[in-house]
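One structure below.
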Amino acid sequence: MQAAPVRATAIPSFTDALRAVESLLMSSGQRTARRNAWTSVLEDRRRAKDRVEAQQVLERALASRP
């Protein structure tokens, strides 16, 4: 039984493909702005999650007080 041939190049991921299309369609300033905006969205989501977790901890602490 013969082994499958080894590919010389890796198959690009979906993200890599999107970035390639993005680089063709947008100027570098637009790409930077979009990435900064997405980073801000992710950071806002993280802070919101942290707020919810802190609120739950406080509520549990208050509920356990005698």
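Between residue 33 and residue 13, the distance separating the two model label sites (each 7 Å from Cα on the Cα→Cβ line) works out to 2.7 nm.
Counting only protein heavy atoms and using a 1.4 Å probe, the accessible area of residue 50 comes to about 70 Å².
Residue 40 to residue 52: extension gain in nm, 0.36 nm per residue of separation minus the Cα-Cα distance?
Values: separation 12, 0.36 × 12 = 4.32 nm, distance 1.84 nm.
That pair, residue 40 and residue 52, stretches by 2.5 nm at full extension.
If you roll a 1.4 Å probe over the range 8-52 with all protein chains in place, what percent of the accessible area is carbon or sulfur?
Numbers: 2420 of 3880 Å².
C and S atoms contribute 63 percent here.
Tilt of helix 28-63 relative to the longest C-alpha principal axis of the chain, in degrees (0 to 90, nearest 10)? Tilt relative to the chain: about 30 degrees. Our helix-only sum for the chain, with -39,500 (n - 2.57) per DSSP H run of n ≥ 4 divided by its residues, gives a mean residue ellipticity at 222 nm of -25500 deg cm²/dmol. Computed over the chain, the percent of Cα pairs more than 15 Å apart is 74.
The values are calculated or read from the model by the stated rules, or taken from the named source; none is laboratory data. Since the structure is predicted, the reported quantities are computational estimates derived from the model, not experimental observations. Backbone-built Cβ (ideal geometry, glycine too); neighbour counts: all protein chains shown. For the accessible areas, the whole protein counts, side chains as well, though only heavy atoms, and no ligand, DNA or RNA atoms are used. Shrake-Rupley method; radii C 1.70, N 1.55, O 1.52, S 1.80 Å.
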